[in-house]
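Written below as structure tokens is the structure these notes are about.
Coordinate-derived values only; no laboratory data. As the structure is a prediction and not an experimental result, all values here were calculated from the model. Neighbour counts are summed over all protein chains in view; Cβ atoms, including those assigned to glycine, are modelled from backbone coordinates with ideal geometry.
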Amino acid sequence: MQIYRVGGAVRDRLIDYPCSENDWVVIGSTPEKMIDLGYRPVGRDFPVFIHAETGEEYALARTERKSGHGYKGFEFYTSPDISLEDDLLRRDLTINAMAEDADGQIIDPYGGQRDIQCKVLRHVSDAFTEDPLRVLRVARFAARYNHLGFTIAPETAALMKAIVDAGELEYLTPERVWKELDRALQEPSPDIFIEVLRQCGALKVILPEVDNLFGIPQRADYHPEIDTGIHTLMALQQAAKLSANGAIRFAVLVHDLGKAVTPDYVLPSHKGHEARGLPLVKNLCDRLRAPNEYRQLAMAVTEYHLLCHKALELRPQTILQLLSGVGALKNPQKLKDFTLCCEADARGRTGFEDRPYSSTSYLAKALDSISAVDISDLVEAGVDGSEIGRQLKLRQVAALTEHRQKYSQP
């Protein structure tokens, strides 16, 4: 039995990129032997085992054969006589098809080190086309390593398009699509993930609501970049600079979906796109089964981002409505996440990338001012619940009025 470190740990050590996980492949063993050695079996589709002390995954060497549609449409074969080279051949990219032995020697039968030096993401074999999930994975790796200069090999990009054209992406489950999307959004360049999917035609299958934004014009005085899809990518770039939070980046990605359904006779204006976008965001979240944290923030940003941009001009009553609508009165962190999204949106425009965004501090101090409102005297006086609510709102509006006056003073 021989054990090799494989996959991301080998790849990222050679790229000099942070990696905290190890995956292992076992050559010349059987499930029975692994269990006898104290490994705990966890794999359902093929034998994977957990090391009792480290908790790391050890997979028996395997080959696979396409037997159906989608990423689950495979038959796996494991045997002690499967070689390391056979196991590595089934992997997606050459940079992921390397192994490292106990002495630190790299086994690289398919040119992964060469492609790292050339900064190329290249498929290992034509079997690449058998797994549609690889389209999303390659796009995600492009988003991860773009800042280091990595690009997708033209022949690999062609295979990605072939997978899309064959309709294979239709067989991906919502859970797998969401998992790849969420991971990609948290990479250093999430906009590259979207752009790669768009170039191969996958975006219109995975995220048609986002794909529909490209080619939609906006007013040049507000958006010098004009194209709504380009603005979305620029806003996503800004979001990546401001926060590593996946929920924030997702909300920025979908905040302008309503612009794709603006009536033609209104263009390039998009009045009312916030309300038009809400059902689109809801349907997208439903389809991909997005977590509630992502859904709630995305809906709030879609509905209220224009109010945030105009915060310093709003009446105190409207500020209170805004703070309540984004959930800030119950959870102040929601305001911080919301304003980060709005700041990314405001800066995601040509020539506006470094412009200060004063709404963030203004709304934060507005929340502080109403958080300090005290109604203990009303409680002590025995005022009933409905009247307490009315009096609380009056005092909150008064506090916001005072805040506005202080903020406007030189």
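Structure data summary
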| read-out | value |
| --- | --- |
| Percentage of interatomic Cα-Cα distances in the chain larger than 42 Å | 28 percent |
| Range in the chain, longest, excluding exposed trypsin sites (Lys or Arg not before Pro) [loop by DSSP; at most 10 other beta-carbon atoms within 10 Å] | 45-270 |
| Centre separation in Å (Cα based) which lies between segment 214-251 and segment 277-348 | 15 Å |
| Whole-Å distance, taken between Cα centres, linking segment 1-36 and segment 121-180 | 23 Å |
| Set of lysines with alpha-carbon distance to Lys406 below 18 Å, sequence-local pairs under 8 removed | Lys310, Lys365 |
| Alpha-carbon gyration tensor eigenvalues x 5, square-rooted, for segment 369-408, Å | 23, 9, 6 |
| Set of lysines near Lys179 by C-alpha distance (under 26 Å), chain-local residues within fewer than 8 positions excluded | Lys66, Lys72, Lys119, Lys161, Lys204, Lys241, Lys282, Lys334, Lys336 |
| Cubic angstrom per residue, convex hull over Cα atoms of segment 169-232 | 86 Å³ |
| The chain, helix-only ellipticity at 222 nm - DSSP H runs n ≥ 4, -39,500 (n - 2.57), divided by all residues, nearest 500 | -15500 deg cm²/dmol |
| Whether segment 262-345 is rounded, prolate or oblate, judged on the alpha carbon gyration tensor where a/c under 1.5 counts as rounded | oblate |
| Residue-wise HN-Hα coupling along segment 216-221, computed from phi with Karplus coefficients 6.51, -1.76, 1.60 (Hz; x: Gly, Pro) | 8, x, 10, 5, 5, 5 |
| Gyration tensor verdict on segment 279-410 (Cα atoms; rounded if a/c is under 1.5, prolate if a/b is larger than b/c, oblate otherwise) | oblate |
| GluC sites (Glu not before Pro), loop per DSSP, at most 15 other Cβ atoms within 10 Å - longest free stretch of the chain | 57-352 |
| Lysines whose Cα lies under 24 Å from that of Lys33, excluding same-chain neighbours fewer than 8 positions away | none |
